[in-house]
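Report on the following structure.
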Amino acid sequence: MKIGIGNDHAAVEMKNIIKEHLEERGFEVVNFGTDSSESFDYPVAGYQVGRAVASGEVDLGVLICGTGVGISLAANKVTGVRACVCSEPYTAKLSRMHNNTNIIAFGARVVGSELAKMIVDEWLDAEYEGGRHQRRVDMLTEIDETGALAAAEA
Ligand code: RB5
């Protein structure tokens, strides 16, 4: 499985820790964002990883900025992306099982590296359950692709 990883200047060290962790687990990791501590605009990295996931260049994405917020907002602007910010493993796991998230984000200024590894591991090890969740995920796709939601007009 291929994982795209991206970050801004606030998360270079954290990106490298998570990248190494993922590689140790046997994943192929494609590097986006920046490797420098010079100021780097988080929308660039969010968009790069979002586009890579949506196009199928990578299977899943990991995004890290100071809080995880800006970079996930950018990724979520790409059609086909379902990114969420998680500061603990429970939400990360459920976001995959129920919401079929394809990108996980977190803040390098919010969580420590060991907690970050747990968040990413729980997320990667979880599987989308489908079933009763599919109708709602389809609604997200409808909003994403059409800018509207028929069920909200009924
Ligand atoms: C950069 O200072 C910071 O704004 C960014 O990393 C992120 O937290 C934005 O959401």
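Read the figures in this text as sums done on the coordinates, not as results from a lab. All figures in this text were calculated on a predicted structure; none of them were measured in a lab. With ideal geometry, Cβ positions are generated from the backbone for all residues, glycine too; neighbour counts draw on all protein chains shown.
In this structure, the amide hydrogen of Val58, modeled 1.01 Å from its nitrogen in the peptide plane, lies closer than 5 angstrom to those of Val53, counting only residues at least 5 positions away or on a different chain. Phi angles of the range 72-80 translate, via the Karplus equation with coefficients 6.51, -1.76, 1.60 and θ = phi - 60°, into HN-Hα couplings of 6, 4, 4, 4, 5, 6, 8, 4, x Hz per residue; Gly and Pro are given as x. Around the amide H of Thr34, modelled in the peptide plane, lie the amide H atoms of Asn7, all under 5 Å away and 5 or more residues distant in sequence or on another chain.
The HN-Hα couplings worked out from phi for the range 20-33 by the Karplus form 6.51 cos²θ - 1.76 cosθ + 1.60 (θ = phi - 60°) are 4, 4, 5, 5, 4, 7, x, 7, 8, 10, 9, 8, 10, x Hz, whole numbers, x standing for Gly and Pro.
Normalised by 2.2 N^0.38 Å, where N is the number of residues, the C-alpha radius of gyration of the range 67-128 stands at 1.03. Across the chain, counting alpha-carbon atoms alone, Rg and Dmax equal 15.0, 50 Å. Across the range 19-86, the mean sequence separation of Cα contacts (distance under 8 Å, 6 or more residues apart), normalised by length, yields a relative contact order of 28 percent. Between amide H atoms placed 1.01 Å from N, distances below 5 Å from Val29 occur with Ile3, all of them 5 or more places distant or on a separate chain. Only beta bridges with both residues in the range 18-154 are counted; by DSSP, about 0 percent of them are antiparallel. Over the chain, Cα pairs under 8 Å with separation of 6+ residues give a relative contact order of 22 percent. Each Lys and Arg contributes +1 and each Asp and Glu -1, all at the Cβ; summed about the Cα centre of the chain, the dipole is approximately 280 debye. Summed over qualifying helices (DSSP H, 4 residues or more, each -39500 (n - 2.57)) and divided by its residue number, the chain shows a 222 nm mean residue ellipticity of -14500 deg cm²/dmol. Whole-Hz Karplus values for the range 38-46 come out as 5, 3, 9, 6, 4, x, 5, 5, x Hz, taken residue by residue from phi with 6.51 cos²θ - 1.76 cosθ + 1.60 and θ = phi - 60°; glycine and proline positions read x. Counted by neighbouring Cβ atoms within 10 Å, the residues Phe106, Phe27 run from fewest to most as Phe27, Phe106. Positive contributions from Lys and Arg (+1) and negative ones from Asp and Glu (-1), summed over other residues with Cβ under 14 Å from the Cβ of Asn7, come out at -3.
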